[in-house]
1. With each label point set 7 Å from Cα along the Cα-Cβ vector, what nm distance links ASP167 and SER42?
2. Running a GNM on the chain with Cα contacts under 10 Å, which residue among ALA56, ALA35, ALA89 ends up with the highest mean-square fluctuation?
3. Between GLU141 and ALA182, what length in nm is gained on full extension when 0.36 nm per residue of separation is reduced by their alpha carbon distance?
4. Would segment 1-67 count as rounded, prolate or oblate if I go by the C-alpha gyration tensor, calling it rounded below 1.5 in a/c and otherwise prolate when a/b exceeds b/c, oblate otherwise?
5. Quick one: Cα centre-to-centre distance for segment 28-99 and segment 142-167, in angstrom?
6. Stretched out fully, how many nm does the piece from ARG127 to THR3 gain, at 0.36 nm a residue minus the Cα gap?
7. Could you work out [θ]222 nm for the chain from helices alone, using -39500 (n - 2.57) per DSSP H run of at least four and dividing by all its residues? Round to the nearest 500 deg cm²/dmol.
8. Note down the relative contact order for the chain as a percent, whole number, built from C-alpha pairs under 8 angstrom at least six residues apart.
Amino acid sequence: MLTTLRNITRIPQLLVDATHATTETAQRLPGLQRAVIDRLGSLDRGVRDVLALLPAVAADLERVRATVEPQHERVAAIERGLTILPAVAADLNSVRATVEPQHERVTAIERSLAMLPGAAEDLERVRNTVEPQHERVAAIEQTVSRLEARLADLQGTLSLLKGDVKDATEHLPDPDAPGPLARARDTLTGRS
């Protein structure tokens with residue numbers, strides 16, 4: 001019974017303590033409200049900053065995409081143009097392999113003509129065979145010259161393309177720099 005009495009006598013003190021705690025909390029409440037309002041304002045500013053940056057970032061990305069994507073088509077066209085060069089070189093080597101022995105035959109026949117006046121007909125046939133080959137070789141050499149000039153043009157275009165691609169990559173955002181979201185997070189967390 002004595003314990004119950006002691007507990008009852010403590011009730012007024014407990015009520016006084018509870019009143020003091022409530023008063024203290026009420027006094028601290030405006031400060032807490034100001035801190036929450038400040039944080040919300042900071043968050044609002046950070047979100048507005050991020051939203052303000054998004055159109056510029058989107059425009060930069062579209063500009064880079066518009067610059068880089070056509071370059072892929074140009075590179076593919078250049079590569080397709082370069083694929084025919086080995087075939088033309090192989091044809092030229094084949095014609096040379098055919099024509100060069102013909103020159104040797106013409107020389108041998110001319111020597112035989114000096115000894116055999118009747119071999120003129122054979123020489124004429126060989127000439128008729130070799131002369132069109134010379135024309136083919138000349139035509140192929142002209143084609144190769146044009147292809148070499150075209151290759152030089154393509155290499156120049158490829159160099160320009162490499163420069164365009166390098167220029168486009170220089171306009172890309174720095175991957176190591178904090179993005180708008182990271183800056184907003186730093187602002188919200190107070191790390192800025």
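All of the numbers you see were taken from the coordinates with simple rules; none came from a lab. Everything quoted here is computed from the prediction, not taken from an experiment. Note that we place each Cβ from the backbone using ideal geometry, even for glycine, and neighbour counts take in every protein chain shown.
1. Rounded to a tenth, the inter-label distance reads 4.4 nm.
2. In the Gaussian network model the winner is ALA35.
3. On the way: separation 41, 0.36 × 41 = 14.76 nm, distance 6.25 nm.
Full-extension gain reported as 8.5 nm.
4. The shape class here is prolate.
5. 24
6. That works out to 30.8 nm of additional length.
7. Using -39500 (n - 2.57) per qualifying helix, the result is -34500 deg cm²/dmol.
8. Relative contact order comes out at 39 percent.
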